[in-house]
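The values are calculated or read from the model by the stated rules, or taken from the named source; none is laboratory data. In this text the structure is predicted, and so the values were computed from the model without any measurement. Note that we place each Cβ from the backbone using ideal geometry, even for glycine, and neighbour counts take in every protein chain shown.
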Amino acid sequence: MIDILENEAISVGAMLAKFKDRVEMSFDTLNTKNKIYERITDYLEAEGYPTQANVDFKEANINDLVYTILSTIVADFRRKTGRNMRLRREKEIVSIDSETGGAEEFVMMDLVSVTQRNFVVIEAKKSPLGEAMKQCLLALRDMQDNNGGGEVYGFITTGESWQMIRYDGISFEMTERMDVLFGKMGENQQRWIKDYSILVDCMYMALSVGGIAKKDAV
């Protein structure tokens, strides 16, 4: 299944197009992108570029980078929408048959009501994304099962590279990879905004669709 998903990955623009006519509110994400750019460049200045060649670079460093991005998105999304959105770490999602695929590294959780919670799951790995994808697919299956239908969304990432996954209860669909880093990005903010910030749009669209389609867990 993973090989098929990789071979049939769609462009990020094609995935976003599936959301656009289902989102009632538009978001100005430029301010969020500027904040994330500043925080990523601070991270790179402090910890260096996340590369497999650096033996001192651990999965904890990757998680720090992912947290830097997600915490900014969640905070700004809460302010703009008033939604009860929270970021959780090591969150276990259990299906209705009490099975679980394990704990997700990060979960953006929308507390819709006492009985309903919508999620975006993010699985981060330093190693190649195969293991992260397996974990994310299991979590999406459990989320959709627990929600009684609808679509669910998740992301896998090495910190530097991200992919978005959609599951509708029948089939999975995945985007091509989107990079959020490049060398010397601290010297070219406009290039980052133009070519490397589309992840922010993906996150905002997934979160907003989850709030509109109440049966959809995001």
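Some notes on this structure:
Residues are listed down the side, and each one gets a yes or a no for (1) surrounded by 13 or more Cβ atoms within 10 Å (Cβ to Cβ); (2) in contact with an Asp or Glu (Cβ under 9 Å, 6 or more places away or on another chain); (3) in a loop (DSSP other than H, G, I, E, B):
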site: Tyr37; (1), (2), (3): yes, no, no
site: Ile40; (1), (2), (3): yes, no, no
site: Glu45; (1), (2), (3): no, no, no
site: Thr51; (1), (2), (3): no, yes, yes
site: Asn63; (1), (2), (3): yes, yes, no
site: Val66; (1), (2), (3): yes, yes, no
site: Val74; (1), (2), (3): yes, no, no
site: Arg78; (1), (2), (3): yes, no, no
site: Arg86; (1), (2), (3): yes, yes, no
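Residue-wise test of (1) closer than 18 Å to Val200 by Cα; (2) in contact with a strand residue (DSSP E or B) (Cβ under 7 Å, 6 or more places away or on another chain); (3) modelled with pLDDT of 75 or more.
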{"residue": "Ser26", "(1), (2), (3)": "yes, no, no"}
{"residue": "Thr32", "(1), (2), (3)": "yes, no, yes"}
{"residue": "Ser71", "(1), (2), (3)": "yes, yes, yes"}
{"residue": "Phe77", "(1), (2), (3)": "yes, yes, yes"}
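- Every residue from the range 44-68 that is touching a residue at least 12 places away in the same chain (Cβ under 8 Å) and aliphatic (A, V, I, L, M): Leu44, Ile62, Leu65, Val66
- Qualifying strands (runs of 3 or more DSSP E) (wholly inside the range 110-205; at least 1 residues being under 11 Å from the mean Cα position of the chain (by Cα) and either within 21 Å of Arg86 (Cβ to Cβ) or modelled with pLDDT of 85 or more (or both)): 117-124, 152-157, 161-167
- Look at (1) assigned to a helix (DSSP H, G or I); (2) at pLDDT 80 or above and you find that Phe19 fails only one, number (2).
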